[in-house]
1. Compute the relative contact order of region 1-67 as a whole-number percentage, counting only Cα pairs closer than 8 Å that sit 6 or more residues apart in sequence.
2. So with the 1.4 Å probe, I'd like the accessible area per residue for region 1-149, rounded to whole Å².
3. Grab the chain and count how many Lys pairs have their alpha-carbon atoms under 22 Å apart, sequence gap of 8 or more, or different chains.
4. For Arg32 and Glu227, FRET efficiency with R0 = 25 Å and r from the beta-carbon atoms, rounded to 0.05?
5. Give me D for region 1-133 in µm² s⁻¹, whole number, from Stokes-Einstein with Rh from the Kirkwood sum over alpha-carbon pairs, 25 °C and 0.890 mPa s.
6. Sorting check: for 270-277, 205-212, 99-106, which peptide has the highest mean count of neighbouring beta carbons within 10 Å, and how do the rest follow?
7. Springs between alpha-carbon atoms under 10 Å, Gaussian network over the chain: tell me which of Asn14, Asn126, Asn51 tops the mean-square fluctuations.
8. With labels modelled as points extended 7 Å from the Cα through the Cβ direction, what inter-label distance (nm, one decimal) is found for Ala136 paired with Leu257?
Amino acid sequence: MSKPYRIGLIDFANVAPINEYLPESDAYEVHRGVPTEMNRQLLAGEIDLANISSFEFLQNAHLLQALPDFSVSVLGPVYSVNLFHNLPWEALQGKRIALTTQSATSVKLLEVLLSLSGIQATLERNEGSVQALLDAGYAGVLKIGDNALREWYQLCGPLEPHASVWDIPHGRGEVQVTDLSMRWYDHFGLPFAFAVWAYRTPPPPELVHNLRLARRTGLGELAVVAERNARKLDLPEFIVQHYLWNFRYHLEKPDRLGLLKFAELVGVSGETLRFSE
Ligand SMILES: C=C(O[C@@H]1C=C(C(=O)O)C=C[C@H]1O)C(=O)O
(Lines give C-alpha, C1' and ligand atoms only; values in the text may rest on other atoms or scores of the structure.)
Protein backbone atom coordinates (compact mmCIF):
# COMPACT_ATOMS: atom_id res chain seq x y z
CA MET A 1 0.00 0.00 0.00
CA SER A 2 1.39 3.48 -0.87
CA LYS A 3 2.32 5.89 1.95
CA PRO A 4 -0.69 7.99 3.08
CA TYR A 5 -0.67 11.64 2.03
CA ARG A 6 0.42 13.83 4.98
CA ILE A 7 -1.71 16.91 5.75
CA GLY A 8 -0.75 19.52 8.36
CA LEU A 9 -3.52 21.18 10.38
CA ILE A 10 -2.93 24.29 12.47
CA ASP A 11 -4.52 23.88 15.90
CA PHE A 12 -6.06 27.39 16.11
CA ALA A 13 -9.76 28.04 16.72
CA ASN A 14 -9.82 30.11 13.53
CA VAL A 15 -9.53 26.96 11.41
CA ALA A 16 -11.83 24.85 13.60
CA PRO A 17 -14.77 25.31 11.16
CA ILE A 18 -12.70 23.30 8.65
CA ASN A 19 -10.36 21.10 10.67
CA GLU A 20 -12.96 19.79 13.13
CA TYR A 21 -15.05 18.44 10.27
CA LEU A 22 -12.33 16.81 8.14
CA PRO A 23 -13.21 13.10 8.14
CA GLU A 24 -10.53 10.49 8.81
CA SER A 25 -9.44 8.51 5.79
CA ASP A 26 -6.84 5.92 4.86
CA ALA A 27 -5.87 8.24 2.00
CA TYR A 28 -4.25 10.81 4.30
CA GLU A 29 -2.78 11.19 7.77
CA VAL A 30 -3.01 14.34 9.90
CA HIS A 31 -0.09 16.20 11.53
CA ARG A 32 -0.88 19.10 13.87
CA GLY A 33 1.06 22.16 15.10
CA VAL A 34 1.38 25.94 15.15
CA PRO A 35 1.97 27.81 11.87
CA THR A 36 5.77 28.01 12.06
CA GLU A 37 5.97 24.26 12.75
CA MET A 38 3.64 23.46 9.81
CA ASN A 39 5.68 25.83 7.61
CA ARG A 40 8.90 24.03 8.59
CA GLN A 41 7.48 20.55 8.09
CA LEU A 42 6.06 21.39 4.65
CA LEU A 43 9.31 22.95 3.41
CA ALA A 44 11.31 20.02 4.86
CA GLY A 45 9.11 17.54 2.99
CA GLU A 46 7.85 16.00 6.26
CA ILE A 47 4.25 16.80 5.28
CA ASP A 48 2.68 17.23 1.84
CA LEU A 49 0.05 19.96 2.32
CA ALA A 50 -0.82 22.44 5.13
CA ASN A 51 -2.61 25.71 5.75
CA ILE A 52 0.69 27.55 6.00
CA SER A 53 1.60 31.18 6.65
CA SER A 54 0.91 33.14 3.46
CA PHE A 55 4.35 34.76 3.81
CA GLU A 56 6.02 31.33 3.50
CA PHE A 57 3.92 30.62 0.41
CA LEU A 58 5.15 33.91 -1.10
CA GLN A 59 8.75 33.21 -0.15
CA ASN A 60 8.65 29.68 -1.61
CA ALA A 61 6.47 30.22 -4.67
CA HIS A 62 8.98 28.22 -6.77
CA LEU A 63 8.44 25.15 -4.56
CA LEU A 64 4.76 25.39 -3.61
CA GLN A 65 1.32 25.52 -5.17
CA ALA A 66 -1.82 26.56 -3.28
CA LEU A 67 -5.41 25.36 -3.50
CA PRO A 68 -7.34 28.04 -5.44
CA ASP A 69 -10.16 28.46 -2.95
CA PHE A 70 -8.83 28.22 0.59
CA SER A 71 -7.52 30.98 2.88
CA VAL A 72 -7.57 32.35 6.38
CA SER A 73 -8.37 35.93 5.41
CA VAL A 74 -10.04 38.83 7.21
CA LEU A 75 -11.49 42.16 6.08
CA GLY A 76 -10.93 44.58 8.95
CA PRO A 77 -10.32 43.50 12.57
CA VAL A 78 -9.21 39.90 13.16
CA TYR A 79 -9.00 40.06 17.01
CA SER A 80 -6.19 37.46 17.06
CA VAL A 81 -3.19 39.15 15.44
CA ASN A 82 -2.43 41.76 18.03
CA LEU A 83 0.40 44.03 18.97
CA PHE A 84 0.10 44.80 22.68
CA HIS A 85 2.11 47.94 23.44
CA ASN A 86 2.62 50.33 26.37
CA LEU A 87 3.76 53.26 24.23
CA PRO A 88 1.86 54.96 21.42
CA TRP A 89 2.47 53.29 18.01
CA GLU A 90 4.49 56.32 16.85
CA ALA A 91 6.76 56.04 19.93
CA LEU A 92 7.85 52.46 19.10
CA GLN A 93 10.78 53.87 17.11
CA GLY A 94 13.98 52.26 18.42
CA LYS A 95 12.09 50.16 20.96
CA ARG A 96 12.18 46.36 21.52
CA ILE A 97 9.21 44.24 20.45
CA ALA A 98 8.78 40.59 21.52
CA LEU A 99 7.48 38.30 18.76
CA THR A 100 5.65 35.03 19.23
CA THR A 101 7.55 32.05 17.85
CA GLN A 102 4.31 30.77 16.27
CA SER A 103 4.12 33.24 13.40
CA ALA A 104 5.71 34.01 10.06
CA THR A 105 3.08 36.06 8.23
CA SER A 106 2.07 38.33 11.11
CA VAL A 107 5.72 39.07 11.96
CA LYS A 108 6.25 40.24 8.36
CA LEU A 109 2.97 42.15 8.45
CA LEU A 110 4.16 43.96 11.58
CA GLU A 111 7.44 44.85 9.84
CA VAL A 112 5.51 46.19 6.83
CA LEU A 113 3.13 48.25 8.98
CA LEU A 114 5.95 49.67 11.12
CA SER A 115 7.87 50.53 7.95
CA LEU A 116 4.82 52.30 6.49
CA SER A 117 4.91 54.48 9.63
CA GLY A 118 8.65 55.07 9.21
CA ILE A 119 9.36 53.15 12.43
CA GLN A 120 12.48 51.03 12.98
CA ALA A 121 12.07 48.77 16.04
CA THR A 122 14.11 45.83 17.35
CA LEU A 123 12.08 42.66 16.82
CA GLU A 124 13.07 39.63 18.96
CA ARG A 125 11.45 36.19 19.15
CA ASN A 126 10.44 35.70 22.77
CA GLU A 127 7.52 33.87 24.35
CA GLY A 128 5.71 34.62 27.60
CA SER A 129 2.58 36.41 28.80
CA VAL A 130 2.05 39.92 27.48
CA GLN A 131 2.39 41.46 30.93
CA ALA A 132 5.56 39.51 31.76
CA LEU A 133 7.19 40.59 28.50
CA LEU A 134 6.16 44.24 28.97
CA ASP A 135 7.47 44.08 32.56
CA ALA A 136 10.72 42.66 31.14
CA GLY A 137 11.21 45.87 29.20
CA TYR A 138 9.64 45.23 25.81
CA ALA A 139 7.55 48.14 24.51
CA GLY A 140 5.44 45.80 22.38
CA VAL A 141 4.42 42.12 22.23
CA LEU A 142 3.09 40.41 19.09
CA LYS A 143 0.69 37.53 19.67
CA ILE A 144 -1.34 35.47 17.15
CA GLY A 145 -4.04 32.80 17.20
CA ASP A 146 -5.74 31.53 20.34
CA ASN A 147 -3.16 33.15 22.65
CA ALA A 148 -3.76 36.56 21.08
CA LEU A 149 -7.54 36.25 21.40
CA ARG A 150 -7.34 35.15 25.02
CA GLU A 151 -4.82 37.85 26.04
CA TRP A 152 -6.90 40.52 24.27
CA TYR A 153 -10.03 39.49 26.15
CA GLN A 154 -8.16 39.14 29.47
CA LEU A 155 -6.97 42.72 29.01
CA CYS A 156 -10.07 44.33 27.50
CA GLY A 157 -12.93 42.19 28.82
CA PRO A 158 -15.40 41.46 30.27
CA LEU A 159 -17.78 42.62 27.54
CA GLU A 160 -21.55 42.47 27.42
CA PRO A 161 -23.07 40.38 24.57
CA HIS A 162 -24.92 43.43 23.28
CA ALA A 163 -21.63 45.39 23.05
CA SER A 164 -21.48 47.03 19.65
CA VAL A 165 -18.40 46.26 17.57
CA TRP A 166 -17.64 49.96 17.91
CA ASP A 167 -17.63 49.62 21.72
CA ILE A 168 -15.03 46.84 21.78
CA PRO A 169 -12.09 48.36 23.66
CA HIS A 170 -8.60 48.23 22.21
CA GLY A 171 -6.64 48.54 25.39
CA ARG A 172 -6.82 49.10 29.10
CA GLY A 173 -4.71 51.42 31.25
CA GLU A 174 -1.32 51.96 29.67
CA VAL A 175 -1.54 48.90 27.39
CA GLN A 176 -2.99 49.45 23.90
CA VAL A 177 -3.88 46.68 21.45
CA THR A 178 -3.30 47.27 17.73
CA ASP A 179 -5.12 44.78 15.53
CA LEU A 180 -2.72 44.34 12.60
CA SER A 181 -5.43 43.26 10.17
CA MET A 182 -7.42 46.42 10.94
CA ARG A 183 -4.32 48.55 10.46
CA TRP A 184 -3.73 46.82 7.11
CA TYR A 185 -7.35 47.63 6.13
CA ASP A 186 -6.86 51.28 7.17
CA HIS A 187 -3.90 51.46 4.77
CA PHE A 188 -5.24 49.51 1.79
CA GLY A 189 -8.97 48.86 2.19
CA LEU A 190 -8.31 45.19 1.40
CA PRO A 191 -8.64 41.88 3.23
CA PHE A 192 -5.45 40.35 4.60
CA ALA A 193 -4.70 36.71 3.73
CA PHE A 194 -2.86 35.19 6.69
CA ALA A 195 -2.77 31.61 5.43
CA VAL A 196 -3.30 29.55 2.30
CA TRP A 197 -3.50 25.77 1.83
CA ALA A 198 -0.21 25.00 0.05
CA TYR A 199 1.47 21.81 -1.10
CA ARG A 200 4.56 20.40 -2.81
CA THR A 201 2.88 17.18 -3.95
CA PRO A 202 -0.66 17.54 -5.37
CA PRO A 203 -3.27 16.27 -2.87
CA PRO A 204 -5.52 13.30 -3.66
CA PRO A 205 -8.90 14.49 -5.05
CA GLU A 206 -10.62 12.84 -2.06
CA LEU A 207 -8.77 15.14 0.33
CA VAL A 208 -9.68 18.32 -1.56
CA HIS A 209 -13.29 17.15 -1.72
CA ASN A 210 -13.29 16.39 2.02
CA LEU A 211 -11.74 19.79 2.85
CA ARG A 212 -14.48 21.59 0.87
CA LEU A 213 -17.19 19.45 2.47
CA ALA A 214 -15.72 20.01 5.94
CA ARG A 215 -15.69 23.79 5.43
CA ARG A 216 -19.31 23.81 4.23
CA THR A 217 -20.42 21.71 7.21
CA GLY A 218 -18.40 23.69 9.75
CA LEU A 219 -19.60 27.06 8.47
CA GLY A 220 -23.13 25.68 8.49
CA GLU A 221 -22.95 25.10 12.20
CA LEU A 222 -20.73 27.93 13.35
CA ALA A 223 -22.69 28.32 16.59
CA VAL A 224 -21.77 24.74 17.55
CA VAL A 225 -18.11 25.34 16.60
CA ALA A 226 -18.11 28.57 18.58
CA GLU A 227 -19.64 26.94 21.63
CA ARG A 228 -17.11 24.07 21.56
CA ASN A 229 -14.12 26.38 21.10
CA ALA A 230 -15.38 28.90 23.66
CA ARG A 231 -15.23 26.11 26.22
CA LYS A 232 -11.73 25.14 25.07
CA LEU A 233 -10.49 28.74 25.23
CA ASP A 234 -12.45 29.64 28.37
CA LEU A 235 -13.96 32.62 26.54
CA PRO A 236 -17.59 33.77 26.27
CA GLU A 237 -19.42 32.02 23.43
CA PHE A 238 -20.53 35.31 21.82
CA ILE A 239 -16.88 36.45 21.59
CA VAL A 240 -15.81 33.27 19.78
CA GLN A 241 -18.91 33.38 17.54
CA HIS A 242 -18.15 36.99 16.54
CA TYR A 243 -14.52 36.00 16.02
CA LEU A 244 -15.28 33.03 13.75
CA TRP A 245 -17.98 34.57 11.52
CA ASN A 246 -15.42 37.28 10.71
CA PHE A 247 -13.11 34.99 8.71
CA ARG A 248 -13.00 34.52 4.92
CA TYR A 249 -12.06 30.93 4.06
CA HIS A 250 -12.48 30.87 0.25
CA LEU A 251 -9.60 32.97 -1.12
CA GLU A 252 -12.05 35.02 -3.16
CA LYS A 253 -10.98 37.88 -5.40
CA PRO A 254 -10.71 40.50 -2.61
CA ASP A 255 -8.54 38.08 -0.60
CA ARG A 256 -6.33 37.47 -3.67
CA LEU A 257 -5.96 41.23 -4.14
CA GLY A 258 -4.90 41.52 -0.50
CA LEU A 259 -2.40 38.69 -0.99
CA LEU A 260 -1.01 40.31 -4.14
CA LYS A 261 -0.61 43.66 -2.33
CA PHE A 262 1.27 41.85 0.46
CA ALA A 263 3.43 40.10 -2.17
CA GLU A 264 4.26 43.47 -3.75
CA LEU A 265 5.21 44.96 -0.38
CA VAL A 266 7.54 42.05 0.46
CA GLY A 267 9.14 42.10 -3.00
CA VAL A 268 7.55 38.99 -4.50
CA SER A 269 6.04 39.12 -8.00
CA GLY A 270 2.42 38.00 -8.04
CA GLU A 271 3.21 36.32 -11.38
CA THR A 272 5.27 33.68 -9.56
CA LEU A 273 2.37 32.52 -7.36
CA ARG A 274 0.86 29.21 -8.49
CA PHE A 275 -2.66 28.02 -7.67
CA SER A 276 -4.08 24.67 -8.75
CA GLU A 277 -7.13 24.68 -10.99
C1 LIG B 1 -5.49 35.05 11.81
C2 LIG B 1 -4.44 34.33 12.16
O3 LIG B 1 -3.64 33.91 11.18
C4 LIG B 1 -2.63 32.94 11.33
C5 LIG B 1 -1.34 33.63 11.29
C6 LIG B 1 -0.26 32.99 10.74
C7 LIG B 1 1.09 33.65 10.82
O8 LIG B 1 1.17 34.77 11.38
O9 LIG B 1 2.06 33.06 10.29
C10 LIG B 1 -0.39 31.74 10.09
C11 LIG B 1 -1.63 31.13 9.99
C12 LIG B 1 -2.84 31.91 10.25
O13 LIG B 1 -3.95 31.12 10.57
C14 LIG B 1 -4.15 34.08 13.58
O15 LIG B 1 -3.12 33.51 13.94
O16 LIG B 1 -5.00 34.51 14.41
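The values are calculated or read from the model by the stated rules, or taken from the named source; none is laboratory data. The structure displayed is predicted, hence computed values, not measured ones. Heads up, the Cβs are rebuilt from the backbone with ideal geometry, glycines too, and the neighbour counts pull from every protein chain shown. The protein model used for the area step is the full one, side chains on, heavy atoms only, and it has no ligands, DNA or RNA in it. Shrake-Rupley method; radii C 1.70, N 1.55, O 1.52, S 1.80 Å.
1. Working: 76 pairs, mean separation 24.8, N = 67.
So the answer I get is 37 percent.
2. On the way: 5280 Å² over 149 residues.
Heavy-atom SASA per residue in region 1-149 reads 35 Å².
3. Eligible lysine pairs with Cα atoms under 22 Å apart amount to 6.
4. The pair Glu227/Arg32 has a calculated efficiency of 0.70.
5. On the way: Rh = 16.9 Å.
This corresponds to a translational diffusion coefficient of 146 µm²/s.
6. By packing density, highest mean first, the sequence is 99-106, 205-212, 270-277.
7. In the Gaussian network model the winner is Asn126.
8. Result for the modelled spin labels: 4.1 nm.
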